[in-house]
Amino acid sequence: MAEFDITSTTRDGMGPHGTQVGLLRVLGPAHVWALGVGIVLVGEYMGWNFAVGKGGAYAALIACWLAGILYSCVAMIDSEVTSTVAAAGGQYTQAKHIVGPLMAFNVGLYLVFAYTMLEAANAITAGYLISEVARLTGYDGTLDQRPFIVLVIVFLAWLNYRGVLATLTFNLVITAVAFVAILVLFVSTTGLLAPSMMQHAALMEGPAALPYGWIGVLAAMHFGLWFYLGIEGTTQAAEEVRSPARALPFGTLAGIMTLLIAATLTWYICVGLIPWEFLGDGVNGSVAPLFDAARLTGMQPLVVLLGVGTLFATLASANGCINDASRAWFAMGRDKYLPGWFGAVHPKYRTPYRSIIFLVPIALAFALKAPLDQVVTFSILSGLLEYTFMPINMILFRRKWPMHTIKRGYEHPFHPIPSLALLALCAVTFFAVFLGYGTQLVAMIVFYIVASLWFHFWRYRFVARAAQFTMPWPKPRGY
Amino acid sequence: MTYRPPKQSKLSQLFDVIVLLAMTFGALYIPLFLGLAGGSKSVPEGAPTTWEGMGQNAAQVAQYNALGFTDPAAVSNIINARYDYSFSWGALAVMIVVIVAYYALMLRFSEQEYRDVISEKFGDRP
């Protein structure tokens, strides 16, 4: 691999017969927003409510806001680093330039794990939703969800294969519909347009308020992440946006603001309508809480709208996850961190098609064989390991290239406070995960340690040393 | 001297992918197969199965009815299930050591590799 200007429009993957073909730079800020919010908004439609089960309704609200602070820090840090390291692979590419190859390899795996697991969880939810629609419309038997799960993943992979512009334009439309559905449900149930249906006081009285006490609040942080998990995925579009310095910070920061609003409205609506024990059981109770909230209003148009919103949110998320996981896998293949075969770009559609296809059976295996809460937990754990890396990355970035030594597309304020706050909130979340899923956490870290040893002692021999540093920056300070 | 990586054969690339996949599926399924996957709730023995016994007020009962559950026994497992948050300090210490050791290992090995990259990239080597 020769030395490239990463912002070049002609660089990147491997085309036919060793020619170089780049990913297409066709996206704008709205697509970045659609990618970030599209991946995450499903978290409002399903999954976040495990936080209610973990600690009760108030605990879920506190977790929602603490996680909101955590992700605001993530968005600020990401906006600065990614607007400067504008390349596919997102945090993987950042780590490669700032921390070092082994950390980059781990971060790349976090990304692929988090997005592929989330994609699997989305497909499970889509299958459930279709079976629920069948039941509500009079189907007597038990609908087999598996064909629908397969259909969702294969259809969206095909869309991603055919081109990024159509993929993320599709995401923009369905994400906007899913977001508007939450707003409509809010104004329809809270007294703004019709008499209020909210019963917060009655549904949260007595022990229902904080059933586990304050340890439940800590425990709820585990699934509090689900409100926002994936917003950092905007960085994967870095090599396909027309103006990284403008589109990435704008799309990412607008995305986190959208999600803070959506998360709070979601909590308010669901807790005011659904008893906490039912709401907090995302497996046997409320699998799709906003849809259940709509059912409780007794208004058929709302039921249809939120059903559509739930389906669209799951599709948008799975779609964005395929996009992001494949970019991370592609970027690692291009640098030979993984077999170079994955670093191919389709000569016509200009997408990382081999990576897209390769990850399909893996997502299917998780979606068809693993329980939803385990899949969600593995996605969260990979995300959490990634968020713990981010403050280290940010502090090293500012230390190695202080302000004004390189051009930044965006400079986040109050450094290092967001980094330190992020680190503290990650520590709290590790404890929350330990309370229920400590075994999975240790299994996951053991996996990353074994994979790291494999990389360091075997795989790294195939990586060209200097060529992986692709940014046109001066030598870092201290080296 | 500039490092020149060896060319990897197709078979070796395939083998690398298989190794990575085996580790990935192992991380997910081994805890599941060994029954070590946590996070499940439990229902205390002899837990009540009436609305009153389960501490449900009129508003809560009305919402369960609206959701289609008129028989309290049908949702008693959902209402009575609770997490157990008791934990051992020893296990917590092990988890902290594992996490800190993991990041320390990553940063140390990464730094070694990174110095190599920077040295080659910025011409400290012939």
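Just a few scattered comments:
- For region A:438-463, the set of residues classified as surrounded by fewer than 18 Cβ atoms within 10 Å (Cβ to Cβ) and either facing another protein chain (nearest Cβ under 7 Å) or at positive phi (or both) consists of A:ILE449, A:VAL450, A:TRP454, A:ARG461, listed by residue number.
- Of all the numbered requirements in (1) farther than 17 Å from A:VAL107 by Cβ; (2) free of Cβ contacts under 8 Å to residues at least 24 places away in the same chain; (3) facing another protein chain (nearest Cβ under 7 Å), A:ILE417 misses one, and that requirement is (3).
- Some residue of region A:109-127 being at pLDDT 95 or above and of a type in the set (Gly, Ala, Ser): no
- Screening B:PRO6 against (1) surrounded by 12 or more Cβ atoms within 10 Å (Cβ to Cβ); (2) within 7 Å of another protein chain (Cβ to nearest Cβ); (3) over 26 Å from A:CYS426 (Cα atoms) leaves a single unmet condition, (1).
- Filtered residue count, region A:133-152, keeping only those that are among the aromatic types (Phe, Trp, Tyr) and surrounded by 14 or more Cβ atoms within 10 Å (Cβ to Cβ): 1
- Residue in region A:258-269 that is in a helix (DSSP H, G or I), within 17 Å of A:LEU168 (Cα to Cα) and at pLDDT 90 or above present: no
- Test for A:ILE153: is it more than 23 Å from A:ARG350 (Cβ to Cβ) and either away from chain B (no Cβ under 14 Å) or out of contact with any strand residue (DSSP E or B) (no Cβ under 9 Å at 6 or more places or on another chain) (or both): no
Conditions tested, residue by residue: (1) surrounded by fewer than 21 Cβ atoms within 10 Å (Cβ to Cβ); (2) within 19 Å of B:GLY26 (Cβ to Cβ).
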| residue | (1), (2) |
| --- | --- |
| A:PRO352 | no, no |
| A:ILE357 | yes, no |
| A:LEU368 | yes, yes |
| A:SER379 | no, yes |
| A:SER382 | no, yes |
| A:MET403 | yes, no |
| A:LYS407 | yes, no |
| A:THR429 | no, no |
| A:ALA432 | no, no |
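- Exactly one residue out of A:ILE356, A:ILE395 is within 20 Å of the chain's Cα centre (by Cα) and either over 27 Å from A:PRO476 (Cβ atoms) or within 13 Å of chain B (Cβ to nearest Cβ) (or both): that is A:ILE356.
- Scanning region B:15-34 finds no residues that are more than 8 Å from chain A (Cβ to nearest Cβ) and of a type in the set (Asp, Glu).
- Subset of region B:83-126 that is small (Gly, Ala, Ser) and facing chain A (nearest Cβ under 7 Å) - its residue that is surrounded by the fewest Cβ atoms within 10 Å (Cβ to Cβ): B:ALA91
- Of everything in region A:163-200 that is small (Gly, Ala, Ser) and surrounded by fewer than 15 Cβ atoms within 10 Å (Cβ to Cβ), the residue that is farthest from the chain's Cα centre (by Cα) is A:ALA194.
- One residue alone among A:GLY280, A:GLY285, A:GLY255 is crowded, with 24+ Cβ neighbours inside 10 Å, at pLDDT 90 or above and more than 14 Å from every other protein chain (Cβ to nearest Cβ), and that residue is A:GLY255.
- Matching residues, region A:369-380, being in contact (Cβ under 8 Å) with a residue 24 or more places away in the chain, at the interface with chain B (Cβ under 10 Å from one of its Cβ atoms) and not β-branched (Val, Ile, Thr): A:ALA370, A:PRO371, A:ASP373, A:GLN374, A:PHE378
- Verdict on B:VAL19 being at pLDDT 90 or above, crowded, with 17+ Cβ neighbours inside 10 Å and either assigned by TED's automatic domain parsing to the domain that holds B:GLU120 or of a type in the set (Val, Ile, Thr) (or both): no
- Leading residue by the ranking (farthest from A:GLY333 (Cα to Cα)) among those in region A:464-477 that are within 7 Å of chain B (Cβ to nearest Cβ) and charged (D, E, K, R): A:LYS475
The values are calculated or read from the model by the stated rules, or taken from the named source; none is laboratory data. Owing to the predicted nature of the structure, the values given are computational and were not obtained by experimental measurement. No Cβ is skipped: glycine too gets one built from the backbone with ideal geometry, and neighbour counts run over all protein chains shown.
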